[in-house]
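The values are calculated or read from the model by the stated rules, or taken from the named source; none is laboratory data. In this text the structure is predicted, and so the values were computed from the model without any measurement. Neighbour counts are summed over all protein chains in view; Cβ atoms, including those assigned to glycine, are modelled from backbone coordinates with ideal geometry. Areas reflect the complete protein model, heavy atoms only, side chains present, ligands, DNA and RNA absent. Shrake-Rupley method; radii C 1.70, N 1.55, O 1.52, S 1.80 Å.
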Amino acid sequence: MDLAHAQEVFKRLYQDVPGYDIARTEKERTGLKEAGTTYGEVVPGAFIEVLLEAEPKAGEVFFDLGSGTGKATILAALAFPFSRVVGIELLPGLGDAARGVLTRYDAEVRPTLPPEHQGQRIEFIDGDFLQQDLSTADVLFAHGTCYGPETMAALTQKLTEMKPGSRIVMAGQTLQSPDFAFVKMKVMRTDWGTALAAVYRRR
Ligand SMILES: C[S@@+](CC[C@H](N)C(=O)[O-])C[C@H]1O[C@@H](n2cnc3c(N)ncnc32)[C@H](O)[C@@H]1O
């Protein structure tokens, strides 16, 4: 799908999804109020530009760690011929919102897409990304500006289960490990400001 069309479809899908309000309510309800759950969302053009730096290929698998209402996951499905896209989110209310968008995507958008997009597997999983199997990911995104040092240390270790040659786009943080080769740094506009997004390749 061309970028302009993907952006238009995306805007329609998300026009009534108040991610920040849901995140605030969910943090109160669950008590998970630490900085790691500070909310923020990608914006379509800037996110797709950054993801291009990871050189996604047809049939590959995409993961978004901390997927919120699913914006990055849905954009990855719309803009690239991934065979499977997976969002993992700690706050269940955000996961519910993402699954609500997916229901509308399946009914209104998927049937209009080219075959390689119609057949994509799209999933939103509730839970801690540190507890999930990341070994099938070819391209992984983490918008982790607010992750603390302990989360980053655990995540860096966790990412070593990824395949050699897989790519990681880490927004707002850097990976301090010889297991990951630095590829590029990009400036990424988000809905809350600007983040630096670092692209790595698993050695
Ligand atoms: C900055 S938001 C990014 C949302 C989405 N990826 C985007 O870029 O539009 C970070 C998200 O990560 C979630 N999160 C934080 N720690 C997590 C963990 N350990 N496991 C799963 N999700 C987590 C937060 O609840 C929040 O929704």
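Mind listing whichever residues of region 26-38 are within 12 Å of the ligand (Cβ to nearest atom), exposed (fewer than 14 other Cβ atoms within 10 Å of the Cβ) and in a helix (DSSP H, G or I)?
Thr30, Ala35
If Tyr20 meets every condition in (1) open to solvent by 10 Å² or more (accessible area, probe 1.4 Å); (2) touching a Ser or Thr at 6+ places or on another chain (Cβ under 8 Å) apart from one, which number is that one?
It is condition (2) that Tyr20 fails.
Which residue is farthest from the chain's Cα centre (by Cα), if the candidates are limited to region 59-82 and must be closer than 15 Å to Arg167 by Cβ and not aromatic (Phe, Trp, Tyr)?
Ranking the candidates gives Gly59 first.
For Thr69, work out the one condition from (1) under 27 Å from Lys186 (Cβ atoms); (2) without any contact (Cβ under 8 Å) to a residue 12 or more places away in the chain it doesn't fulfil.
Thr69 satisfies every listed condition except (2).
Would you kindly identify the helices (runs of 4 or more DSSP H) lying entirely within region 86-173 that contain at least 3 residues that are open to solvent by less than 50 Å² (accessible area, probe 1.4 Å)?
In region 86-173, the matching helices (runs of 4 or more DSSP H) lie at 92-104, 149-158.
Any idea which of Val17, Val61 is in contact (Cβ under 8 Å) with a residue 60 or more places away in the chain, within 12 Å of the ligand (Cβ to nearest atom) and of a type in the set (A, V, I, L, M)?
Only one candidate qualifies: Val17.
In region 140-160, is there at least one residue being more than 16 Å from the ligand (Cβ to nearest atom), more than 25 Å from Pro44 (Cβ to Cβ) and modelled with pLDDT of 95 or more? Step through it out loud before you land on a result.
Filtering region 140-160 for residues more than 16 Å from the ligand (Cβ to nearest atom) gives 160.
Now narrow it down to the ones that are more than 25 Å from Pro44 (Cβ to Cβ): 160.
Remaining after also requiring modelled with pLDDT of 95 or more: 160.
For region 140-160, residues more than 16 Å from the ligand (Cβ to nearest atom), more than 25 Å from Pro44 (Cβ to Cβ) and modelled with pLDDT of 95 or more: present.
How about region 47-66: which of its residues are touching a helix residue (DSSP H, G or I) at 6+ places or on another chain (Cβ under 9 Å), open to solvent by 10 Å² or more (accessible area, probe 1.4 Å) and not in a helix (DSSP H, G or I)?
Answer for region 47-66, where residues must be touching a helix residue (DSSP H, G or I) at 6+ places or on another chain (Cβ under 9 Å), open to solvent by 10 Å² or more (accessible area, probe 1.4 Å) and not in a helix (DSSP H, G or I): Pro56, Ala58, Gly59, Gly66.
Sort out which residues of region 157-193 are under 18 Å from Ser67 (Cα atoms), without any contact (Cβ under 8 Å) to a residue 40 or more places away in the chain and among the polar types (S, T, N, Q), and write them in order of number.
Gln173
Using the structure shown, decide if Glu41 is buried (at least 19 other Cβ atoms within 10 Å of the Cβ), closer than 21 Å to Ile122 by Cβ and near the ligand (Cβ under 10 Å from one of its atoms).
yes
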